[in-house]
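The values are calculated or read from the model by the stated rules, or taken from the named source; none is laboratory data. Note that the structure is a prediction, hence the values are computed from the model and not measured. Reconstructed Cβ throughout: ideal geometry from the backbone, glycine too, with neighbour counts over all protein chains shown.
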Amino acid sequence: MECTPLSTQIDHNELESITRRIAAGRYFRQLDEQVLEQMLRRGELVRCNPEEVIFQEGDEQAARLGVLLEGSLAVTSQESFLMRLDQTGDVIGEMSVLRPGPHSASVVAEVESRLVMFPNELFTAPEHSAEVSAIYLVFAHILAEKLRITTAQTRLQHGNRASDEVQPPKIGVVDSNPESLEQLLALVQDVWPRGQVSEISKEKLLEGDLTQRFDLILVDPLDGESDTEVVPAIEGCVLASEMILAVSRYCTEEGNREQLANLGVTSFLSKPFSEFDCRHLLSQLRVSYYRQRELEQVEHAADTDRLTGLANRRKLDEFIEALVTLYPERQEPFSLIIADVDNFKHYNDTHGHQMGDVVLATVSSVFKTRVRRGDLAARFGGEEFVMMLPKCNKANALRIGEKLRKAIADEDIPYQEQQPLGNLTATFGVATFPEDAESIEHLLKQADDCLYRGKESGRNVVIGANPI
């Protein structure tokens, strides 16, 4: 670790900037910046390399407290991941200050990181030292807030963290040079040992013939000395992967890197490259991958109806709002389908709520397996469901509604023959924006009116709205 005092005879040239950045952190927002600056003068700026251990579990070190300035830190215990700290102002080492003794967890830099570390004597309160006591009390308040927030985060992440075992990343490598291909495959497997790493055929990439999605593709888009395949190769990667690392001599020039970035490339590495540089970039991309998976899983839990596994009303509202927001720019129609299980009350009253839940789960599975990629199926309440269909006109929405109606009618559901219609069915109302409505409220009403008309006409039908 490289350490630099923030103040000796003169202040460190970054002290003012560091103060502003940390003052915006969640634990420091209530502090006066001048007070914070005075405290930061007592610390030192520490630079950590990737994989460098800051605290080692079990070690008995003098109490130190660190404040993250930039980077990403992993907190682990007994080789198990506990949490990630990657926000400016995140705090480490508070337990060694509050309760001296062996460290209860390890803290390791995931990428190149910088922290402000405070020495143990800052937290020793000599008799008659009002200044040190005041600083200690301020930090005690910050630590209490930190413990409250991180405890909640840990509880949340315990059941939601993406892991290699649950979601092994799919990583593809495209390189026409056999030696370079072998080197890249080995490096990826080393940095991401549980990833599903495979070679991708350059021909299939250019033809758009890849049969699976990847989380990361490493690609050299050059064809020998020719750059004629650069654009189609990158466009093929964009269609097949979330992240793209271009590893090529083509990345040497700034203009080429700018072109690749505009095409959708995530990171660049020029050939020839050092293994350290490649590992460093792969480690950063690995952090990005798991950060995104964690975010998706937390959001999924907050946005999902527990009984059916479909989106809940909160997620539906956000999805609709996004469609409306993007419409002026994209001018793409979208459709809304409301579905209601026919005579559901009769089924519930006759066979009980547990069997009613079986019906809702069965209907939900139809929506999950038959809506298009990019569509949203949500539970609207009770036995009502809503499907949002982006880039979908009225004619296609009616076809989708009819397929869903038939699929539900064809499901083998217990006691369905005892229903008033002799089967368990659903009725559908369809409306399209902006053809049938000028606002979301009007769109929902149009679809709901169609649903009502379908119920009145005998149920188990799909009814579309009349254009305005």
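Here are the numbers for this structure:
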read-out	value
Filtered residue count, region 394-429, keeping only those that are out of contact with any Lys or Arg (no Cβ under 7 Å at 6 or more places or on another chain) and within 21 Å of VAL363 (Cβ to Cβ)	25
Residues within region 267-284 that are in contact (Cβ under 8 Å) with a residue 40 or more places away in the chain and in contact with a helix residue (DSSP H, G or I) (Cβ under 9 Å, 6 or more places away or on another chain), tallied	6
Matching residues in region 192-214 - criterion: being exposed (fewer than 12 other Cβ atoms within 10 Å of the Cβ) and among the small types (Gly, Ala, Ser)	GLY208
Identity of the residue in region 167-180, outside any loop (DSSP other than H, G, I, E, B) and crowded, with 17+ Cβ neighbours inside 10 Å, that ends up nearest to the chain's Cα centre (by Cα)	LYS170
Strands (runs of 3 or more DSSP E) wholly inside region 1-76 that include at least 3 residues being under 29 Å from the mean Cα position of the chain (by Cα) and of a type outside the set (Phe, Trp, Tyr)	65-70
Enumeration of residues in region 6-58 that are modelled with pLDDT of 90 or more and of a type in the set (Lys, Arg)	ARG20, ARG21, ARG47
Boolean, ASP223 is assigned by TED's automatic domain parsing to the domain that holds PHE276 and touching a Phe, Trp or Tyr at 6+ places or on another chain (Cβ under 7 Å)	no
